[in-house]
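One structure below.
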């Protein structure tokens, strides 16, 4: 019995710490000592929540109508804690067995929670509408089975990012815009409990000796966690969500990320086995674009993907997914992206896809591209196509090899065929702003040639960027690769000013 109760508390329970009662001017009438203790705990929690509300300004909800006013939230939170405490104290062995089944028994668990909610309301002065009662049962179910307050945000497909700045401030990115949601945790302990739920299935940990970690959720969403003492606002969690449905090139055209001509051109480039680098800032959509580009790879190719946290979801049958590993408690056993790139060369890959190059693995990636592994794809952080070349030089030098700058630039210019520059526009939309060809070296300088670009015409009254994509009217030097790989793309496709 004791073992089952500890499991329940770990799934979502608050620790049952006795708190001193807060005296009231008109103490409520109670019939027993147990009821008096429960009333005191509720009032202590109410005072704490009221103080937090005074300290933190409340902004408009991102989910209008889902929650009531702040004062009503307090009542809901009090009742939620009381019901949860009652479940821990009174749950039978049969009910515990149902709870252990988890998500597959969600409907049965909701029925159990409803029974305990009715008991609590019958013995106290709580009154809830039918809608509030349904929401209360759903919230408690999320605490026990899922990630608690985060569940509604994770289930909302319009939300692309969740940013938790301590227990009482949760921002979301919705349709490219940041908003403050009204979802909150009780306190730091509640938030840390949810963090443990995220990390435990992955065999990862976070504590004062290792206060930051990268992880992923079951659906592939990327999670970054950093806790005190490094974070001064409490535990900070950033969740980058990914679409449940794999996006296609038609979806990106529909979103206005690129034009039909650009989509046709990129399809041809992947089939012609060009080495492509996708560059851009944080949140600009690099990984999404890389996923779409990978969909053009033929089913007959053997693909090896290498990432820090597996995010790519390739649709081909012959895919080997590799993921780096951090050091253990003793500081040993780390497997880096560079180690995986070296190993991938021995796996007979037709294509190597590196989720992102950040350091010395850039050298191994470039060497792979230069030694017969054509058609490889990767991403890097940079603001412009020219900047990403400079970053590659720096990352190659981070490998610890004392190479002349000219030798590094020669490696870069011969390995990379095409650079896609992706940007997050002011209105929140993502655009491929440049498709640039790496033509080679002229002296000590790498020559770039823009083939397509996005031109912003103006910002309309709603703050939306209005512009167009256009061809620069220049013929790429790698057209011979198209012919060698049987890819037909007429030269008229690159007519100047074509949109």
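Coordinate-derived values only; no laboratory data. This one's a predicted model, so the numbers in the text were calculated from it and none came from an experiment. Reconstructed Cβ throughout: ideal geometry from the backbone, glycine too, with neighbour counts over all protein chains shown.
Checking the conditions here, which among 463, 440, 467 is surrounded by fewer than 19 Cβ atoms within 10 Å (Cβ to Cβ), touching a strand residue (DSSP E or B) at 6+ places or on another chain (Cβ under 7 Å) and on the phi > 0 side of the Ramachandran plot? Before the answer, list the steps.
Details: 463 fails: touching a strand residue (DSSP E or B) at 6+ places or on another chain (Cβ under 7 Å); 467 fails: on the phi > 0 side of the Ramachandran plot.
Answer to the check: 440.
When you check residue 467 against the structure, is it more than 18 Å from residue 261 (Cα to Cα) and either without any contact (Cβ under 8 Å) to a residue 12 or more places away in the chain or not in a helix (DSSP H, G or I) (or both), yes or no?
On the way: more than 18 Å from residue 261 (Cα to Cα): no; either without any contact (Cβ under 8 Å) to a residue 12 or more places away in the chain or not in a helix (DSSP H, G or I) (or both): yes.
No, not satisfied.
Of all residues being closer than 21 Å to residue 199 by Cα and more than 15 Å from the chain's Cα centre (by Cα) in region 215-267, which is surrounded by the most Cβ atoms within 10 Å (Cβ to Cβ)? Just the residue, please.
My answer is 235.
Can you tell me how many residues in region 403-428 are buried (at least 17 other Cβ atoms within 10 Å of the Cβ), touching a residue at least 40 places away in the same chain (Cβ under 8 Å) and not in a strand (DSSP E or B)?
Final tally of qualifying residues: 7.
May I ask you to verify whether residue 210 is out of contact with any strand residue (DSSP E or B) (no Cβ under 7 Å at 6 or more places or on another chain) and at negative phi?
Yes; evaluated as a whole, the condition is true for this residue.
Condition first: touching a helix residue (DSSP H, G or I) at 6+ places or on another chain (Cβ under 7 Å), buried (at least 21 other Cβ atoms within 10 Å of the Cβ) and over 14 Å from residue 378 (Cβ atoms). Now tell me which residues in region 274-296 satisfy that.
Selection gives 292 alone.
Would you mind finding the one in 124, 118 that is more than 30 Å from residue 218 (Cα to Cα), surrounded by fewer than 19 Cβ atoms within 10 Å (Cβ to Cβ) and free of Cβ contacts under 8 Å to residues at least 24 places away in the same chain? Please lay out each step first, then the result.
Values: 124 fails: free of Cβ contacts under 8 Å to residues at least 24 places away in the same chain.
Unique residue meeting the criteria: 118.
Which members of region 377-397 meet the condition of being surrounded by 15 or more Cβ atoms within 10 Å (Cβ to Cβ) and in a loop (DSSP other than H, G, I, E, B)?
382, 384
Which of the numbered conditions does residue 368 fail, given that it passes all the others? Conditions: (1) surrounded by fewer than 18 Cβ atoms within 10 Å (Cβ to Cβ); (2) free of Cβ contacts under 8 Å to residues at least 40 places away in the same chain.
(1)
Among the listed residues 169, 174, identify the single one that is surrounded by 16 or more Cβ atoms within 10 Å (Cβ to Cβ), farther than 24 Å from residue 103 by Cβ and within 15 Å of the chain's Cα centre (by Cα). Talk me through it step by step, then tell me what you get.
On the way: 169 fails: within 15 Å of the chain's Cα centre (by Cα).
On inspection, the qualifying residue turns out to be 174.
Quick test for you: out of 197, 179, pick the one residue that is assigned to a strand (DSSP E or B), touching a residue at least 60 places away in the same chain (Cβ under 8 Å) and more than 15 Å from the chain's Cα centre (by Cα).
Only one candidate qualifies: 179.
Just for region 101-115: of the residues that are surrounded by 12 or more Cβ atoms within 10 Å (Cβ to Cβ) and either in contact (Cβ under 8 Å) with a residue 40 or more places away in the chain or not in a helix (DSSP H, G or I) (or both), which one is nearest to the chain's Cα centre (by Cα)?
102
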